[in-house]
Structures are given as structure tokens and as C-alpha cells.
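Accompanying notes for the structure given below.
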Amino acid sequence: MATMSAAAAAAAAAAANPNSFLLKSNTQINAFPTTHSRSFTAATTTVNKRITCSSTTFQTPAATTVVTSSDRVFNFAAGPAILPENVLLKAQSELYNWRGSGMSVMEMSHRGKEFLSIIQKAESDLRILLNIPENYYVLFLQGGATTQFAAIPLNLCNPDDPVDYIVTGSWGDKASKEASKYCKPKTIWSGKSEKYVNIPSFGALEQTPEAKYLHICANETIHGVEFKDYPVPTNGNSLLVADMSSNFCSKPVDVSKFGMIYAGAQKNVGPSGVTIVIIRSDLIGNAQPNTPVMLDYKIHAENNSLYNTPPCFGIYMCGLVFEDLIAQGGLSEVEKKNVKKAQILYDTIDGSNGFFRCPVEKSVRSLMNVPFTLAKPELEAEFVKEAAKEKMVQLKGHRSVGGMRASIYNAMPLAGVEKLVAFMKEFQARHDV
């Protein structure tokens, strides 16, 4: 008789007990609090108060399992990116039967009470994290931040209206080019000539007096440039719009300074497929007549992000991440961790006597995306290959700029950065001759 392989045996066990989940194991981990006995209460107009996310009263069996991280890598990808391990374990434990509902989140009607509780709690927790004022809508959309490059001018201005763009990297440049189809954008500053390594002095900016909005990319994922403060539109009727895709929920932000914030979820708060828009309520309802219905913020606001089927599982995952960020103590505590990780990595680069180099001006270096090169470019492919053997992956830089890039989002543990810098020092010791 043929001997059953370990994988086949595990699969057979899972088939016999579909509530089990397959994990190789050495260490015991409790993902989130696992015993629930709460009923959902519909959200009211009062915001920034925690709500529960169960649509029915339920009692979940203890989701304690024995797991190991030995098969996991340190994933330095720019997005989709690393997710918190306890969030993944929580989602795994609920995948087959979400909290006694008898179905997976992936099977739920987006208009059913179960999913309504999920999306309402996700919004509630995000409002708490960012202290979002009551006069702002939170929308869970699709199409990535790139789709918002068109939606923004379509909703916020008319075809002949001027708007200003500060271009500090590839994404700001793409946003400006897309806006040119729907309004009159002006790039009032661009770092392209210097290969996007800096951010302008705000006082030196010549803003357009009649501009409807001023657009920035708060953190340029490719080039590793991050705004540490934000410009103020000089036109009293203008507003600040920010693409925060790659530093969303990495630190506290005063939402009231912005007319609109938008972010793809796949870098810091969830899987790909969800785009979050935070927009002041007085800015919706004036879309250009030719605006597609799926790009009209008023439609989504009136339908609570449920005009059509939303990315349900992605929103659920975002909700779990928001819970995790709150459990860590909120964004002030998260920021402290991010500063520490980034400092360790930048110190290693700067202390390498030029073996490693980061081209970005120190005052605007990103806490999330760290680009660097080698003094000997011919070693870069070897660096990436050897790092992968040590279970550190996705360190190759963006195809448009080359070099390396380490994306160290919220979910990247300190241990991952420490392992990377140890490898960098060892690599230098072998090749710096």
C-alpha cells in the first residue's frame, strides 16, 4: 500500500473536519479575542464610538491553534504587501463559518445583516483611528487610487477650472496627467529633474489664485519621498487633496486639514481591491454631467458604499486590520514603531561608508518605502537573490528606478528589519574589498 504524504493526510483531515485550518505548528498563538457574545446595534449619526460587528448573537469556539512562522518570509513588497500575522490567523479561523453565521464572508449578501455589521464596524473603527470629523464621509470603493485620479476632478471641479498639483514622484505625475482630461491642472512644482528626491518649501510655491484644489501624494511609494507636514492652499475657497495610499494609517493625521484623502488599501490596511475615500460632505453632489455613475461620490455616499456589490472580503480584512491597530494603542503608538524601524534601516545605509546609498533628502525620507542602491550596481542582483534565500523577498526596486527598495509598512515586524540590516552588513563585509 502506498504511504499517504503529509500534505495528503492534512488535506484528508481537513475534508473530514472542514472547520479545521491547516497550519504547521510549534508555537501557540491566540489571534484576537475569540469568545463573542454581542448583538449589533445599528450605527447612528454619532461617530467615532466603537461598535460591535456581529449581526446576530453568536458564540465562537476558541480559535486557539498551534502555529509556526517558520514557513513565512519577511515580505518587503510595496503592495500588495505584508499583513499582520494575527489578522491573517483571525481571518483563517473565520473563513469557513463567520462567527456562527453558517457561511463565509465571501458568500454573504452585501445587503444582509451580517455584512452590514462588518462594513459598519470597519467604518466606525477607522473613524476612531483617524478621529474623522462627523462632516466627512467614509467610502469603501474599488478601482484603486488610480481610478481616483479621474474621479477627483470629475467631482470637485468643472472642465475649465484650474487645479494645482505638487509632483514629488511617479504617482503625483500620473494623477496630474489623468486630471488633464477633465479640468485644467497646473504642476506648480515637480521634482522630476532631480529624480524625485525632495519636497519643495511651501512658502516658495506659486499657487494658482483660482485653483479649486491643491493635490499632493503624501508618500511616493516608488521614490521614497514623504511629506512630514502639509501645504495650505492660499486660495480660501480651495482645498487640499491627498493620495495617502502608501502611508495611510501609519501615523496620526489631522483629517480636517484636507478636503479629501484617498488610499488604496493594499499597502497598509488590507488586501488589494479596496480603495478608501474620506471626503468632506459639502464637496459631494456637484459632479460633472458626464461623470460615470461609479465615479460619483454622491451615489456612493447615499448608498453607504453599497450602490453595487463592494469588495466584501477586502473590506472585512480592512476591518480586522483596524481592530488590530486600535489594539496596538492607536496610530500614535504605531508611528513610534514605524519610526524605530525606519531609523534602524536608514542608519545602516548611512553608516555603510557609501556601500549602500539612499538618494532621498534626509528630511523627507519615507517611513514606509526605503529605496537604496549599491556603490557597485553589478552586485544588486546578487543582493536580491541572496536575500531571498534568507527568506527576505521583494527587495528589488521598482522597474522604473532600479536598485533596491524595502517597504516596511505597519505589519512589518521589527525583527524583519533587524534581519535585513544584519544581512546588509554581512553582505557588505563580503564584498566591500
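The values are calculated or read from the model by the stated rules, or taken from the named source; none is laboratory data. Keep in mind that this is a model prediction, so the values were computed, not measured. Every residue, glycine as well, gets a Cβ built from its backbone with ideal geometry; the counts of neighbours run over all protein chains shown. All accessible areas refer to the heavy atoms of the entire protein, side chains included, with ligands and DNA or RNA removed. Shrake-Rupley method; radii C 1.70, N 1.55, O 1.52, S 1.80 Å.
List of remarks:
- Checked against (1) without any contact (Cβ under 8 Å) to a residue 60 or more places away in the chain; (2) touching a Pro at 6+ places or on another chain (Cβ under 9 Å), GLN343 meets all criteria but (2).
- Scanning region 248-256 for any residue that is open to solvent by 10 Å² or more (accessible area, probe 1.4 Å) and under 20 Å from PHE149 (Cα atoms) turns up nothing.
- Residue within region 334-344 that is surrounded by fewer than 18 Cβ atoms within 10 Å (Cβ to Cβ), outside any loop (DSSP other than H, G, I, E, B) and touching a strand residue (DSSP E or B) at 6+ places or on another chain (Cβ under 9 Å) present: no
- Among (1) closer than 30 Å to ALA91 by Cα; (2) open to solvent by 40 Å² or more (accessible area, probe 1.4 Å); (3) in contact (Cβ under 8 Å) with a residue 12 or more places away in the chain; (4) part of a loop (DSSP other than H, G, I, E, B) - the single one TYR409 does not satisfy: (2)
- Among residues of region 263-313, those that are in contact with a Gly (Cβ under 6 Å, 6 or more places away or on another chain) and open to solvent by 10 Å² or more (accessible area, probe 1.4 Å), counted: 8
- Whether a residue is touching a residue at least 12 places away in the same chain (Cβ under 8 Å) and surrounded by 16 or more Cβ atoms within 10 Å (Cβ to Cβ) was assessed, and ASP125 passes this test.
- Scanning region 100-109 for residues that are open to solvent by 30 Å² or more (accessible area, probe 1.4 Å) and either within 13 Å of LEU306 (Cβ to Cβ) or at pLDDT below 95 (or both) turns up just one, SER109.
- Contact map, region 188-200: first residue farther than 12 Å from SER170 by Cα, second residue open to solvent by 50 Å² or more (accessible area, probe 1.4 Å) and at pLDDT below 95, Cβ cut-off under 9 Å, separation 6 or more or different chains; pairs are TRP189/ALA204.
- All positions within region 169-195 that are open to solvent by 20 Å² or more (accessible area, probe 1.4 Å) and either of a type in the set (Phe, Trp, Tyr) or under 24 Å from the mean Cα position of the chain (by Cα) (or both): SER170, TRP171, ASP173, LYS174, LYS177, GLU178, TYR182, TRP189
- Any hit, region 204-214, residues being surrounded by 20 or more Cβ atoms within 10 Å (Cβ to Cβ), of a type in the set (A, V, I, L, M, F, W, C), touching a strand residue (DSSP E or B) at 6+ places or on another chain (Cβ under 6 Å) and at negative phi: yes
- Selection from region 374-396 of residues that are buried (at least 20 other Cβ atoms within 10 Å of the Cβ) and small (Gly, Ala, Ser): ALA387
- ASN353 passes every criterion in (1) at positive phi; (2) open to solvent by less than 60 Å² (accessible area, probe 1.4 Å) apart from (2).
- Failed item, numbered, when VAL370 is tested on (1) more than 30 Å from HIS431 (Cα to Cα); (2) in a strand (DSSP E or B): (1)
- Residue check, ASN158 surrounded by fewer than 19 Cβ atoms within 10 Å (Cβ to Cβ), in contact (Cβ under 8 Å) with a residue 60 or more places away in the chain and in contact with a Ser or Thr (Cβ under 9 Å, 6 or more places away or on another chain): no
- Verdict on MET260 being buried (at least 22 other Cβ atoms within 10 Å of the Cβ) and either in contact (Cβ under 8 Å) with a residue 12 or more places away in the chain or over 23 Å from the mean Cα position of the chain (by Cα) (or both): yes
- Meets criteria (without any contact (Cβ under 8 Å) to a residue 60 or more places away in the chain, within 20 Å of the chain's Cα centre (by Cα) and over 26 Å from PRO413 (Cβ atoms)) for ALA265: no
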